[in-house]
Amino acid sequence: MLYLRKLQLSDSDVETICSGFKTHPGLKLLDLSCNNISDIGGGYIVRYLGRNMKMEGLFLSHNRISDGTSYSLSCIVPASNISMLDVSYNSISDNGLVCLLDILQPGYGLCILLWGNSIGPKCCAKFKTLYENGKMSNDKIDVTVGIDESNNIAIDHNPTLDKFRVNYYSIRGRKQDLLCATFPFHKITLANKNIEV
């Protein structure tokens, strides 16, 4: 797990970070939220994702990524182990959001946060189709969809998924993981005695 939130990281910083990941191919969670990353930095991240199929969580909220990164993510995420993708509060337009929504499939365990981007008519039509086909689940996306009697769509933020942010950043919920990550146990043998250190 690597948490690099609120560090004012630029695209060139992300390039340096991603080039350093070549020696850490097993990274499971990368949090680059609340930085200054655009599609250039997003490209570096996507290239890294292509080499690290073990990553399970990618957090890019509150940056400047737009449709280029969205399209690239929509191509690479289905082939990866990503189960949590946070691209909320960026500069993604209607077309970029539709690309991301195309990867939502029943049985695919992806949880996606995208509220705070430019939801327009194409995205609303996609939400409506997903909703009518039963492919939208409130535990998988941070947008709630409703259709009224006149067949009009209403969308709103789904705050129930904000629990994932709390879980990822909560020491209480991850205390055991943090202890194991900080103090790994090693079994050593001294004079025919097994000792856990």
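The values are calculated or read from the model by the stated rules, or taken from the named source; none is laboratory data. The structure presented is a predicted model; accordingly, all values stated were derived computationally and were not measured. Virtual Cβ from ideal backbone geometry, glycine too; neighbours counted across all protein chains shown.
Would you say SER88 is outside any helix (DSSP H, G or I) and either modelled with pLDDT under 90 or surrounded by fewer than 17 Cβ atoms within 10 Å (Cβ to Cβ) (or both)? Criteria not met by SER88. All conditions but one from (1) surrounded by fewer than 20 Cβ atoms within 10 Å (Cβ to Cβ); (2) of a type outside the set (Asp, Glu); (3) free of Cβ contacts under 8 Å to residues at least 40 places away in the same chain apply to LEU29; the one that does not is (3). Entry remark, the range 55-65: residues being surrounded by fewer than 20 Cβ atoms within 10 Å (Cβ to Cβ) and under 10 Å from the mean Cα position of the chain (by Cα) number 2 in total. Residues of the range 9-26 that are under 18 Å from the mean Cα position of the chain (by Cα) and exposed (fewer than 15 other Cβ atoms within 10 Å of the Cβ): PRO25, GLY26. For the range 1-53, the candidate set comprises residues that are modelled with pLDDT under 85 and charged (D, E, K, R); within that set, the residue that is nearest to VAL77 (Cα to Cα) is ARG51.
Which residue is surrounded by the fewest Cβ atoms within 10 Å (Cβ to Cβ), if the candidates are limited to the range 139-157 and must be among the acidic types (Asp, Glu) and either in contact with a strand residue (DSSP E or B) (Cβ under 9 Å, 6 or more places away or on another chain) or within 14 Å of LEU101 (Cα to Cα) (or both)?
The extreme case among them is ASP148.
Of all residues in the range 113-133, those that are more than 23 Å from ASN63 (Cα to Cα) and in contact (Cβ under 8 Å) with a residue 24 or more places away in the chain have Cβ atoms under 9 Å from Cβ atoms of residues that are part of a loop (DSSP other than H, G, I, E, B) and of a type in the set (D, E, K, R), 6 or more apart or on another chain, in LYS126/ASP102.
Conditions (1) crowded, with 18+ Cβ neighbours inside 10 Å; (2) of a type in the set (S, T, N, Q); (3) within 24 Å of ILE17 (Cβ to Cβ); (4) in contact with a Gly (Cβ under 6 Å, 6 or more places away or on another chain), marked per residue:
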residue	(1), (2), (3), (4)
TYR48	yes, no, yes, no
ASP67	yes, no, yes, yes
SER72	yes, yes, yes, no
ILE82	yes, no, yes, no
SER93	no, yes, no, no
VAL98	yes, no, no, no
ASP102	no, no, no, no
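Within the range 136-182, restricting attention to residues that are part of a loop (DSSP other than H, G, I, E, B) and of a type in the set (A, V, I, L, M), the residue that is modelled with the highest pLDDT is MET136. The set of residues in the range 98-141 that are under 20 Å from ASN81 (Cα atoms) and either β-branched (Val, Ile, Thr) or in contact with an Asp or Glu (Cβ under 9 Å, 6 or more places away or on another chain) (or both) comprises CYS99, ILE103, CYS111, ILE112, LEU113, LEU114, ILE141.
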